[in-house]
Amino acid sequence: MAVAAVNHASAQDVAAFLAKASNNCRGCMLGGASLDRRDLTGADLSGADLRGVSFSRTILRGADLSGANLAGVSLKRRDLAGANLQGANLQGVSFHRAILRAANLNGADLRGANLNLALLTSANLQRAKLMQALLFQIDAGGADFRAANLGATLMGSARLINAKFDDADLTFADLFEARLTNASLRNATITETNLYGASLLRADLSGVSGERAIFVRATMRGANFAGAVLKQADFFQADLVEADLTGADLQGARLAAAKLFNAVQIDTKFQGAIMPDNSVHP
């Protein structure tokens, strides 16, 4: 009897929601429904199955979508400012040009999602799964990517000023000409990460690790590389003026034509590295 009552209540919730008598439908099965042009500001759709749902011109500002299944859904250009998407299944979702300012995406599964040109300022993406996601030209100033998995993400020209990437995995990620001024990447993994032409002014990369990272023509004045392990990294024509390289392991790195003026080089390991004057460090 108890199970029947729960099912009946759920059916009533779905009916009321679809009839627009309510904006709340926790745990509802709404697959294939049309929510076009609905104003769902502050709606509670936590744990709902929303696969196949149409969200054309839907407003989801401040909505609770935590734990919801939105795999494959299009939320292109939708307003999700302040929305709660914690732990949601967002695999393959299109957030192209979506507004996700201050949204909570903690632990969300965004594998293969399209976030190109999305607004993610001050968003929480801690521990999010972003492998192979598209983040080209996102504006994520002040966003929190701590402990997130960003393996093989495409983040070219992304604006990531003051963003946090501590303990994040950026293996094979492409951050071509990304802006990471004052960003924090403490203890991040950057194996073969592409930071060609990126701006890392005063960025904190202390303790980062990863072989063959690319910093070609990157601007890193005043950056902190203390304790970094970046063997065979490519710093060709990089600007490391006044950078802190204390205890960094740059063995086998290419520093040809790099600027090291006033860089702190206490206990830095340069064995086998190609130095700015093209000499090979013994």
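The values are calculated or read from the model by the stated rules, or taken from the named source; none is laboratory data. Every value quoted in this text rests on a predicted model; they were computed, and no experiment measured them. Cβ placement follows ideal geometry from the backbone for every residue including glycine, while neighbour counts extend to all protein chains displayed. Keep in mind that these areas ignore ligands, DNA and RNA; they rest on the heavy atoms of the full protein, side chains included. Shrake-Rupley method; radii C 1.70, N 1.55, O 1.52, S 1.80 Å.
Which residues in the range 230-246 place their backbone N less than 15 Å from a point set 7 Å from the Cα of Gln271 along the Cα-to-Cβ direction?
Hits in the range 230-246 for Gln271 at 15 Å: 230-232.
Restricting to Cα pairs below 8 Å that are 6+ residues apart, what does the relative contact order work out to for the chain? Please round to a whole percent.
Values: 1041 pairs, mean separation 19.8, N = 282.
Dividing the mean separation by the residue count of the chain yields 7 percent.
Just how many pairs of Lys in the chain have C-alpha atoms closer than 23 Å, counting pairs that are eight or more places apart or on different chains? Spell out each step's value before the answer.
Values: Lys20/Lys76; Lys76/Lys129; Lys129/Lys164; Lys231/Lys259; Lys231/Lys269; Lys259/Lys269.
Value for the chain: 6.
Under a GNM of the chain (C-alpha, springs under 10 Å), which listed residue has the highest mean-square fluctuation: Asn24, Asn149, Asn124?
Asn24
On a 0 to 90° scale, report how tilted helix 2-18 is relative to the longest principal axis of the chain, with both axes built from alpha carbons and the result rounded to the nearest 10.
80 degrees
I want the local charge near Thr121. Using Cβ-Cβ distances under 15 Å, sum +1 for each Lys or Arg and -1 for each Asp or Glu among the other residues.
Values: positive: Arg61, Arg97, Arg101, Arg159, Lys164, Arg179; negative: Asp79, Asp139, Asp144.
Charge balance near Thr121 sits at +3.
Rolling a 1.4 angstrom probe over the protein chains, ignoring ligands and nucleic acids, what is the accessible area of Ser74 in square angstrom, nearest 10?
For Ser74, solvent-accessible area is about 70 Å².
Give a residue-ordered list of calculated ³J(HN,Hα) values for the range 177-184 (Karplus: 6.51 cos²θ - 1.76 cosθ + 1.60, θ = phi - 60°; whole Hz; x for Gly, Pro).
6, 6, 9, 10, 4, 6, 6, 10
Per the Kirkwood treatment, what hydrodynamic radius in Å, one decimal, follows for the chain from the mean inverse distance over all distinct Cα pairs?
Values: mean 1/r = 0.0503 Å⁻¹.
In the chain this quantity evaluates to 19.9 Å.
In what order, largest first, do Met155, Met29, Met131 sit by accessible area if the probe radius is 1.4 Å? Let's see the in-between values first.
On the way: Met155 0, Met29 135, Met131 55 Å².
The residues order as Met29, Met131, Met155, largest area first.
What full-extension length gain, to one decimal in nm, is calculated for Asn262 and Arg97 as 0.36 nm per residue of separation minus the Cα-Cα distance? Intermediate results must be reported in sequence, preceding the final value.
Details: separation 165, 0.36 × 165 = 59.40 nm, distance 4.16 nm.
Between Asn262 and Arg97, full extension yields 55.2 nm more.
Amide H neighbours of Cys28 under 5 Å, at least 5 residues apart or on other chains, H built in the peptide plane: list them.
Amide H neighbours of Cys28, under 5 Å, 5+ apart: Ala48, Asp49.
Hey, what's the Kirkwood Rh for the range 84-156 if you take every pair of different alpha carbons, in angstrom? Could the numbers behind the result be given before it?
Values: mean 1/r = 0.0883 Å⁻¹.
Result for the range 84-156 stands at 11.3 Å.
Which residue, Ala21, Ala71, Ala43, tops the fluctuation ranking in a GNM of the chain built on C-alpha contacts under 10 Å?
In this elastic network of the chain, the residue with the biggest mean-square fluctuation among Ala21, Ala71, Ala43 is Ala21.
Per q in 0.10, 0.12, 0.17, 0.20 1/Å, what log10 I(q)/I(0) does a Debye calculation on the alpha-carbon atoms of the range 1-156 return?
The Debye formula, applied to the Cα set alone, gives -0.33, -0.47, -0.88, -1.18.
Using just the C-alpha positions of the range 239-282 as equal point scatterers, what log10 of I(q)/I(0) does the Debye formula give at each q in 0.28, 0.32 1/Å?
Ignoring solvent entirely, the Cα scatterers give -1.06, -1.22.
Starting from the exponent 0.38 and prefactor 2.2 Å, build the expected Rg for the range 127-256 from its residue count and divide its actual Cα Rg by it.
On the way: Rg = 12.7 Å, N = 130, 2.2 N^0.38 = 14.0 Å.
That works out to 0.91 for the range 127-256.
In whole Å, what are the Cα extents of the range 120-171 along the three principal axes, biggest one first?
Rounded to whole Å, the extents work out to 20, 19, 12 Å.
Using a Gaussian network model of the chain with C-alpha springs under 10 Å, which one of Ile190, Ile138, Ile266 is most mobile by mean-square fluctuation?
Checking each option, the largest mean-square fluctuation is seen for Ile266.
Which distance in Å, rounded to a whole number, links the C-alpha centroids of the range 165-239 and the range 68-130?
Result: 25 Å between the Cα centres.
So in the chain, what percent of DSSP beta bridges are antiparallel if you round to the nearest 5? The partial results should precede the final answer.
Numbers: 1 of 46 bridges.
The answer is about 0 percent antiparallel.
Working out 0.36 nm times the residue gap between Ala152 and Asn23, then minus their Cα-Cα distance, what length gain in nm do you get to one decimal? Show your work: numbers first, answer last.
Values: separation 129, 0.36 × 129 = 46.44 nm, distance 3.75 nm.
Here the answer is 42.7 nm.
Counting helices only, and only those DSSP H runs with n ≥ 4, report the 222 nm mean residue ellipticity of the chain as the sum of -39,500 (n - 2.57) divided by its residues, in deg cm²/dmol to the nearest 500. Intermediate values should be presented prior to the final figure.
Numbers: 1 runs with 17 residues, N = 282.
Rounded to the nearest 500, the figure is -2000 deg cm²/dmol.
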